[in-house]
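Colleague: Here it is: the structure, laid out below.
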Amino acid sequence: MKLLNGRELALFLQNRHASLVAGMTVPPRLAIIRSQDNIAADKYLRAKSIYGAAIGAKVDVYSEAPADIIRRIKSLGDDPAVTGIIVQLPLPDDDLTNQALAAVPASKDVDGLGHNSPFEATTPKAVLWLLAAYDVPVQGKIAVVGQGRLIGKPLADRLEAAGHNVLRCDIRTIDLANVLGDADMLFSATGQAHLITTHMIKTGAVVVDAGSPAPEFEPAVYDRSDLILTPNPGGVGPMTVACLFDNLLIASQRRQS
């Protein structure tokens, strides 16, 4: 078994980012808008706040009632002191999510979720950087399980944009075990704990758990010696935070130049 340790790589990037911020005249400022009723977001907000403090970036969290989210985004979008804006998903409903993401100015959309964002979506970026750091090529039959707008869909979109054929699987996929059985690379982003069992995974496959918060592969998967896989926690999650701040620093450099 070969583990793709995202925590180690994220620490390397954190040190690099801290050096870059130290050389900036004005440190970057990240604004995070969250819904008041999204308690589950607290874990992810803490991780982002800790990373920001470690590199010298300012991180402000705005907890808003659903009716006030769009107003807050527009206000921050007009504020020249704000470098980047992210909307902490999920929001209470799809309509509000669409409106909120559309309200973020493209130049500040450091999560990369808007249609016109110049930034790469953070989780696909994290996954590809993690594979590249461990010299794992993206090749063969590729399956992405889960097509949510935050992870699964942008990851599949990114892989297809790079010229790969991607098998997209979601809740409507019939006989998932049979569909995944010959995948050389398997990316899971469903949010369902232990959905992927060991008998679904081909010998020697690369398996990436891009979901959260609980591991999407059953424990028996980690007993196999033939796989290349990410731990959860400690795999894609820390890298996603690092890639968010990489986008923030890119935004800051573009503005200061």
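Each value in this text was obtained by applying a stated rule to the coordinates, not by laboratory testing. Only a predicted model underlies this, so the values are computations on that prediction, with no experimental measurement involved. Please note: Cβ atoms are built from the backbone with ideal geometry, for glycine as well, and neighbour counts cover all protein chains shown.
Colleague: By how many degrees, 0 to 90 and rounded to 10, does the Cα axis of helix 6-22 deviate from the longest principal axis of the chain?
Modeller: 20 degrees
Colleague: May I ask you to evaluate 6.51 cos²θ - 1.76 cosθ + 1.60, the Karplus curve with θ = phi - 60°, for each residue of the range 220-233 and list the ³J(HN,Hα) values in order in whole Hz, giving x for glycine and proline?
Modeller: Result, ordered by residue: 4, 4, 7, 8, 7, 8, 8, 9, 10, 8, 9, x, 8, x Hz.
Colleague: Then there's this: Where the centre of each part is set by its Cα atoms, how far does the range 161-207 sit from the range 1-69, in angstrom?
Modeller: For the range 161-207 versus the range 1-69, the Cα centre distance is 29 Å.
Colleague: Magnitude of the Cβ-charge dipole of the chain, K/R +1 and D/E -1, about the Cα centre, nearest 20 debye?
Modeller: So the magnitude is around 680 debye.
Colleague: Is there a quick way to get the dipole size of the range 26-106? I mean about its Cα centre, with the Cβ of Lys and Arg at +1 and of Asp and Glu at -1; what is the value in debye to the nearest 20?
Modeller: Roughly 400 debye for the range 26-106.
Colleague: Express the Stokes-Einstein translational diffusion coefficient of the range 99-221 in µm² s⁻¹, to the nearest whole number, given a Kirkwood radius over alpha-carbon pairs, 10 °C and a viscosity of 1.306 mPa s.
Modeller: Stokes-Einstein gives a translational diffusion coefficient of 106 µm²/s.
Colleague: Among MET185, MET24, MET239, what is the fewest-to-most ranking by other Cβ atoms within 10 Å?
Modeller: MET24, MET185, MET239
Colleague: Right, something else. Could you work out how far helix 42-55 tilts from the main Cα principal axis of the chain, as a 0 to 90 degree angle to the nearest 10?
Modeller: Tilt of helix 42-55: around 70 degrees.
Colleague: Hey, another quick one. Would you indicate which of [x] 15.3; [y] 22.0; [z] 13.3 is the value of mean projected area of the Cα convex hull in nm² derived from the coordinates of this structure?
Modeller: Entry [z].
Colleague: In degrees from 0 to 90, rounded to the nearest 10, what is the angle of the helix 236-256 Cα long axis to the longest principal axis of the chain?
Modeller: For 236-256 against the chain, the angle is about 40 degrees.
Colleague: Okay, moving on. Which far-off residues, 5 or more places away or on another chain, put their amide H under 5 Å from the one on VAL59, with H placed in the peptide plane?
Modeller: So VAL59 has HN proximity to LEU30.
Colleague: Further question on the same structure: Rank-order 98-107, 132-141 by packing density, defined as the average count of other C-beta atoms within 10 Å over each peptide's residues, highest first.
Modeller: Per-residue Cβ counts within 10 Å, averaged per peptide and sorted highest first, yield 98-107, 132-141.
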